[in-house]
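**Student:** Quick one: the structure is below, questions incoming.
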Amino acid sequence: MYPNGLVECMIKKAHEKFTKNGDVKPIKEKLPIAAVPYVKGLFEKLKAICKDDVMLVGKGDNTLKKSIFSRLKDPTPKLHCSHLVYCIPCSCGYKYVGQTLQLLKDRIYQHKYNISIKNSNHSALCDHAITNNHTPLWDKVKIVVRESQQKKRDILEMIAVKKTPNCLNKHTDCIMLSTAYNNVI
């Protein structure tokens, strides 16, 4: 059991902390802080909307580092990139979406090789090119997104397949993507 003097002292200190001239001061909760890019007008509206839930802090995008230093490295050529989701258009207007962790040039070589040996089981692109005698436009390949984590890349590929009009991919590839995302995609 604690001494009465210590308990009374603690109660008095707590009471003084929460009252001023007999009035109870509201306890101010610590709100989570979120830093967002400052855009004049938009930031003020967002801050007013979120004032009870989140403390917004505006951060500038124009830093000294960006204005003094230039990009010292050249960008990596598209075909030498890896860990990505890519899109290859066909001469007929259809598009194939795929993903790879290897270099894009190596993945394209695999598609070309399987088309040349008439292996239609390799991919939907190979099946389409062999069945319809079409030519994929290899030089117009586009990188949709780069992602090093396999699971994230799988999901991003499914989303790209769903978003791409005239997609060659078998939509059975997207079975694992929840239908809850359909309205968002």
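The values are calculated or read from the model by the stated rules, or taken from the named source; none is laboratory data. All of these numbers come straight from a predicted model, not from anything done at the bench. Positions of Cβ are generated from backbone atoms using ideal geometry, with glycine treated the same way; all protein chains shown enter the neighbour counts. To get the accessible areas, we keep the full protein, side chains included, count just its heavy atoms, and leave off ligands, DNA and RNA. Shrake-Rupley method; radii C 1.70, N 1.55, O 1.52, S 1.80 Å.
**Student:** For Ser120 and Leu137, compute 0.36 nm times the residue count separating them, minus their Cα-Cα distance, and round to one decimal in nm. Can you show the working numbers first?
**Tutor:** Values: separation 17, 0.36 × 17 = 6.12 nm, distance 1.76 nm.
Result for the pair: 4.4 nm of gain on full extension.
**Student:** Using 0.36 nm times the number of residues separating Asp106 and Lys45, minus their current alpha carbon distance, what extension gain do you get?
**Tutor:** That pair, Asp106 and Lys45, stretches by 17.1 nm at full extension.
**Student:** Do any of Lys40/Lys151; Lys140/Lys162; Lys45/Lys142; Lys47/Lys140 go past 32 Å between their Cα atoms, and which? Walk me through the intermediate numbers first.
**Tutor:** Working: Lys40/Lys151 37 Å; Lys140/Lys162 20 Å; Lys45/Lys142 37 Å; Lys47/Lys140 44 Å.
Lys40/Lys151; Lys45/Lys142; Lys47/Lys140, as the Cα separations exceed 32 Å there.
**Student:** What does the extension gain come out to for Leu72 and Val36, with contour length at 0.36 nm per residue minus their alpha carbon separation?
**Tutor:** That works out to 10.2 nm of additional length.
**Student:** Please arrange His111, His15, His122 by accessible surface area, largest first, computed with a 1.4 Å probe and ligands excluded.
**Tutor:** The ordering from most to least exposed comes out as His15, His122, His111.
**Student:** What FRET efficiency do you get for Ser91 and Val145 if R0 is 25 Å and r is their Cβ-Cβ distance, rounded to the nearest 0.05?
**Tutor:** Here the calculated transfer efficiency is 0.50.
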